[in-house]
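Please read the structure below before turning to the comments.
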Amino acid sequence: SQQGEEDPQALSIQEGENATMNCSYKTSINNLQWYRQNSGRGLVHLILIRSNEREKHSGRLRVTLDTSKKSSSLLITASRAADTASYFCAPSGAPGSSNTGKLIFGQGTTLQVKP
Amino acid sequence: EPEVTQTPSHQVTQMGQEVILRCVPISNHLYFYWYRQILGQKVEFLVSFYNNEISEKSEIFDDQFSVERPDGSNFTLKIRSTKLEDSAMYFCASSLERTDSNQPQHFGDGTRLSIL
């Protein structure tokens with residue numbers, strides 16, 4: 001596995017606005033996952049997008065993947081105060097690579113949604 | 001929905017003492033992991049475990065650390081002689097298949113370990 005780099009480091013928006021976070025990575029992947037961490041809690045898996053997919057939706061979440069640019073974005077629409085958390089991307093290496101399934105997390109994007 | 005459970009939620013231990021952190025992964029999962037997060041820092045990989053043996057371990061996972069799956073349900077992390085710098089949140093995770101096989105990891109809520 002490899003580490004993804006999230007951008008921006010911090011994002012502050014008003015409730016109801018959309019939030020977009022970006023992730024870049026370096027080498028080829030089999031999939032890319034997004035996780036959320038509320039303060040003091042464990043990581044919650046949000047969505048997994050495979051390398052042959054370009055876009056995926058889950059409720060208010062939309063994830064895009066551009067393997068040519070080695071980047072992904074997470075869009076949260078109509079944000080709520082409860083979306084306040086840190087968000088992490090985790091690229092997972094291609095099969096055949098020396099990969100035991102570990103995830104490598106970056107610093108994440110800290111999202112604050114103000115009521 | 002099935003979940004990963006960790007006990008205790010908070011453990012306070014004197015430096016030099018042994019500590020065992022416990023995890024019950026999701027029942028049909030085959031891959032197990034421990035991560036830790038020092039306050040204000042990134043979540044760091046410690047070890048992965050499959051088929052009753054360690055698949056990979058990080059530099060952090062030195063001889064003071066060990067993992068065990070003593071029965072069909074529990075997965076434990078033992079720190080033999082704790083140091084002040086072991087103070088952190090420790091997260092257990094499990095997955096049905098390896099992550100590169102398009103299976104997510106499911107995390108517990110963690111054990112906060114405080115070394116005095």
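The values are calculated or read from the model by the stated rules, or taken from the named source; none is laboratory data. The structure presented is a predicted model; accordingly, all values stated were derived computationally and were not measured. In this analysis, Cβ positions are derived from the backbone assuming ideal geometry, glycine residues included, and neighbour counts consider all displayed protein chains. Side chains are part of the model used for accessible areas, which takes the heavy atoms of the whole protein and leaves out ligands, DNA and RNA. Shrake-Rupley method; radii C 1.70, N 1.55, O 1.52, S 1.80 Å.
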- prompt: Within the stretch A:3-14, can you find the residues that are assigned to a loop (DSSP other than H, G, I, E, B) and either open to solvent by less than 20 Å² (accessible area, probe 1.4 Å) or touching an Asp or Glu at 6+ places or on another chain (Cβ under 6 Å) (or both)?
  reply: A:G4
- request: For A:L65, work out the one condition from (1) open to solvent by less than 30 Å² (accessible area, probe 1.4 Å); (2) part of a loop (DSSP other than H, G, I, E, B) it doesn't fulfil.
  value: (2)
- prompt: So which of B:E53, B:E18, B:E68 ends up being within 13 Å of chain A (Cβ to nearest Cβ) and either at negative phi or of a type in the set (D, E, K, R) (or both)?
  reply: B:E53
- request: Given the conditions (1) outside any loop (DSSP other than H, G, I, E, B); (2) surrounded by 21 or more Cβ atoms within 10 Å (Cβ to Cβ), report the number of the one that B:P104 does not fulfil.
  value: (1)
- request: Output the residues belonging to the stretch A:61-75 that are in contact with a Lys or Arg (Cβ under 6 Å, 6 or more places away or on another chain) and touching a residue at least 40 places away in the same chain (Cβ under 8 Å).
  value: A:L75
- request: Taking only the stretch B:33-43 into account, find how many residues are on the phi > 0 side of the Ramachandran plot and either open to solvent by less than 40 Å² (accessible area, probe 1.4 Å) or among the polar types (S, T, N, Q) (or both).
  value: 0
statement: Taking the stretch B:64-95 and keeping residues open to solvent by 20 Å² or more (accessible area, probe 1.4 Å), touching a residue at least 12 places away in the same chain (Cβ under 8 Å) and in a loop (DSSP other than H, G, I, E, B) leaves B:Q64, B:R69, B:S73, B:N74, B:R80, B:S81, B:K83, B:S87
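Let's see how each residue does on (1) within 14 Å of B:P104 (Cβ to Cβ); (2) part of a loop (DSSP other than H, G, I, E, B):
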position: A:T27; (1), (2): no, yes
position: A:W34; (1), (2): yes, no
position: A:G40; (1), (2): no, yes
position: A:L46; (1), (2): yes, no
position: A:L75; (1), (2): no, no
position: A:G106; (1), (2): no, yes
statement: By residue number, the members of the stretch A:46-58 that are facing another protein chain (nearest Cβ under 8 Å) and among the hydrophobic types (A, V, I, L, M, F, W, C) are A:L48
query: Being outside any strand (DSSP E or B), farther than 25 Å from B:E3 by Cα and within 8 Å of chain B (Cβ to nearest Cβ), is that true of even one residue in the stretch A:79-95?
result: yes
message: Anything in the stretch A:15-25 that is in a loop (DSSP other than H, G, I, E, B) and closer than 25 Å to B:R98 by Cβ? List them, or say none.
response: A:Y25
message: Suppose we filter the stretch A:31-45 for residues that are farther than 11 Å from A:A90 by Cα, in contact (Cβ under 8 Å) with a residue 12 or more places away in the chain and at the interface with chain B (Cβ under 8 Å from one of its Cβ atoms); how many remain?
response: 2
statement: From the option list B:L46, B:L30, single residue qualifying as surrounded by 17 or more Cβ atoms within 10 Å (Cβ to Cβ) and aliphatic (A, V, I, L, M) is B:L46
